[in-house]
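All remarks here apply to the structure that follows.
The values are calculated or read from the model by the stated rules, or taken from the named source; none is laboratory data. Worth saying up front: this structure is predicted, and the values here are computed from it rather than measured. Virtual Cβ from ideal backbone geometry, glycine too; neighbours counted across all protein chains shown. Surface areas here come from the heavy atoms of the whole protein model, side chains and all, with no ligands, DNA or RNA. Shrake-Rupley method; radii C 1.70, N 1.55, O 1.52, S 1.80 Å.
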Protein chains: 2
Amino acid sequence: MQDAHVSLAHGNGGRYMRELIAEIFVRHLGNPELDADADAVPVTLGEGEIMLTTDGFTVQPLEFPGGNIGSLAVHGIVNDLAVSGATPIYLTLSAIIEEGLPFEQLERIIAALGEAARSANVRVVAGDTKVVRRGEAAGLYLSGSGVGLRARAHHLGLEAIQAGDAVLVSGPVGDHGAAVLLAREEFGLMGRLDSDCASVLPLTQALLAVPGLRFMRDPTRGGLATVTHEISRASGLGLRLEQGAIPVRPAVQSVCEMLGYDPLYLACEGRVVAVVDAKSAPRALEALQALPQGQEAALIGTTTAEQTRVVLTTPLGGERFLEELEDDPLPRIC
Amino acid sequence: MQDAHVSLAHGNGGRYMRELIAEIFVRHLGNPELDADADAVPVTLGEGEIMLTTDGFTVQPLEFPGGNIGSLAVHGIVNDLAVSGATPIYLTLSAIIEEGLPFEQLERIIAALGEAARSANVRVVAGDTKVVRRGEAAGLYLSGSGVGLRARAHHLGLEAIQAGDAVLVSGPVGDHGAAVLLAREEFGLMGRLDSDCASVLPLTQALLAVPGLRFMRDPTRGGLATVTHEISRASGLGLRLEQGAIPVRPAVQSVCEMLGYDPLYLACEGRVVAVVDAKSAPRALEALQALPQGQEAALIGTTTAEQTRVVLTTPLGGERFLEELEDDPLPRIC
């Protein structure tokens, strides 16, 4: 790697590509299953249902306070498995790199990816890299899949939700979206706000011990508002949310006011929305609040058979409909 | 979908994205396991070793004679599982779409993807779509992972290769690379050449029945030359290839001569390179030639302990080293 930047020759299948993979990817992600010379790798799984998921990552900027596209990719995939009730085990990784990306930056990103994988106890077992010409990407895109195992006893799903259930969120909403917005130089804003980018596995494992658990989801693109709409649409029920009960950091609120966004539509990358039966709500809240990442968990509303929309009750007693996200172009937030 | 092109709002997690997924992706890829509302899906697998692989696809142009990026993605992933000795079962799919891609083209591509999946008997069970701004991609990138099952009896691998083994190829090389080059308008060439883009599963299944099978690989990026280098590097052996025995279509040879490429370095997307012990070579060749896609299969060389390089014997009795691919920028061929 004579030059300090990725070149097209690093994607051609030959020597440069082999060196790029060995010197950056394998070095940071190495584990017994990852074999850079293999077309496919054998993996072993224990007892349970095998769960599959996939996600793509295009966040801009590639690095932001609290994470980068590498740690985001691991947490995004891990979290999709976690909210399904599974324990994540293996990841695959496909990198599409723009010619000219500094090796130094690529290495920081892949190192963070490796660290996030180790801390979530998952292994990257298969990978692929492609290099595209300058102007055909924006630095780096990552896509990946995850394989996990779910105990057969856990049957969670939108279809399990009933009228009168409680809706909880594990912490303040909109941190990731606001942190990424603020990190975009174009806004010229001062101040620092960290993304909540993290594995939600401790939170989902705590919730899985609550017998009345019906459904979990991580509110990423489209934020909390979009998850509540998914719940309403799939269950045919309405939701009544208490605006004053939804945790939002003051800094996130300020950024949103300045830039004209609603924090309820901004992505989180380390939160869980959970639906539990009404009598289990105190126990679920307690389980979340007992964890460092769940201290600000809150009961934010209930499902209702009285109507079929998402209604927000304001602190002054007013009501407004929380509309489904339509034409709100906040691209490349995750 | 009022407009005929993908917009940023189709990637924001809200209503437009939901409609895009329902009207294009789920419609063409639908199967019982694919649940567009789920974070992760449960899958069932039979007996055997679970095999995982991943691949990214950035081919330009997106559509070419003999296939498009959608069918290429399925075949690329299916083939990585097939050459490992596995039967492919499930696919995941991550699409990164550039704002402005015509829906009509996206639909042709996803329809071809669905058709390729059905014909290879694999199901797309998880997916994700992201939309990036104009100028941040080149139409569409696809990444995906594959899950397959391998009978425990099959222990193939580079480490099984021994001196004196026979090297076979299942058909003419360089078709995909030459077809894509020709399809790039910038060359202004006439004529049509089809990519060999196809599942190699029938070929690998036929070879798995040959007891002396050591190793299989599909020669994609970097072509046949790159696979022979991988064999040589991993085994510490040399390879002696007969140039006259390597099948190359006359049209591919012509395109290469005009454009200054060597067909041995051009990607195939429907061929298999196999290494078998010497005494099994006739049986392996027969097994391949019995299939419609293997009629032009050939025994092209042998491994040797006498030296450690890849040597090409020319029809006139001369010899030359086949060098490892270095700075040969042929980007976005797959």
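Quick look at the values:
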| read-out | value |
| --- | --- |
| Protein-only accessible surface order, largest first, of B:E98, A:E242 at 1.4 Å | A:E242, B:E98 |
| On Cα atoms only, tilt of A:103-119 relative to the major axis of chain A in degrees | 50 degrees |
| Chain A: relative contact order in percent, alpha carbon pairs under 8 Å with at least 6 residues between | 22 percent |
| Ranked by how many other beta carbons lie within 10 Å on average, peptides A:100-110, A:52-62 from highest | A:52-62, A:100-110 |
| Inter-label distance, nm, simple model (7 Å from Cα along the C-beta direction), A:D35/A:R108 | 3.6 nm |
| Positive dipole terminus of chain B, leading residue within B:L8, B:C256, B:G244 (C-beta point charges) | B:G244 |
| 4 °C / 1.567 mPa s Stokes-Einstein diffusion coefficient of the protein assembly as shown, Kirkwood radius on C-alpha pairs, µm²/s | 50 µm²/s |
| Test item: Cα-centred dipole of the stretch A:94-177, Lys/Arg +1 and Asp/Glu -1 on Cβ, debye | 300 debye |
| Using alpha-carbon coordinates, inclination of helix A:223-235 to the longest axis of chain A, degrees | 60 degrees |
| A:H5 - accessible surface, heavy atoms, 1.4 Å probe, Å² rounded to 10 | 80 Å² |
| Cα-derived Rg over Rh, computed across the stretch A:8-150 with Rh taken as Kirkwood radius | 0.96 |
| Inter-chain Cβ neighbour average for residues B:125-138, partner chain, 10 Å | 6 |
| Estimated Rh, the stretch A:46-97: Kirkwood, alpha-carbon pairs, angstrom | 12.3 Å |
| Shielding by other protein chains, A:86-95, mean Cβ within 10 Å | 4 |
| Probe 1.4 Å - accessible area at A:R217, Å² to nearest ten | 20 Å² |
| Projected area averaged over orientations for chain B, convex hull of C-alpha atoms, nm² | 17.6 nm² |
| Cβ-placed point charges (K, R +1; D, E -1), dipole of the stretch B:8-150 about Cα centre in debye, nearest 20 | 120 debye |
| Mean separation of Cα contacts under 8 Å, 6 or more apart, over the residue count of the stretch B:8-150: relative contact order % | 39 percent |
| Radius 13 Å from Cβ of A:L29, net charge of other residues (Lys, Arg +1; Asp, Glu -1) | -3 |
| Given charges at beta-carbon only (K, R positive; D, E negative), |dipole| of the protein assembly as shown in Debye | 940 debye |
| Nearest 10 degrees, 0 to 90: helix A:250-259 Cα axis against chain A principal axis | 80 degrees |
| Solvent exposure, largest accessible area first (probe 1.4 Å, DNA, RNA and ligands not counted), of A:R283, A:R271 | A:R283, A:R271 |
| Accessible area in square angstrom per residue, the stretch B:158-321, 1.4 angstrom probe | 40 Å² |
| Accessible area of B:T129 in the full protein assembly, 1.4 Å probe (Å², nearest 10) | 10 Å² |
| Furthest towards positive pole of dipole, A:L158, A:L182, A:A111, structure part chain A, Cβ charges | A:L158 |
| Positive-end residue of B:T87, A:A126, A:T313, charge dipole of the protein assembly as shown with Cβ unit charges | B:T87 |
| Interface B:A - total buried accessible surface [probe 1.4 Å, Å², rounded to 100] | 5800 Å² |
| FRET efficiency estimate (nearest 0.05) - Cβ-Cβ, B:E323 to A:A234, R0 56 angstrom | 0.45 |
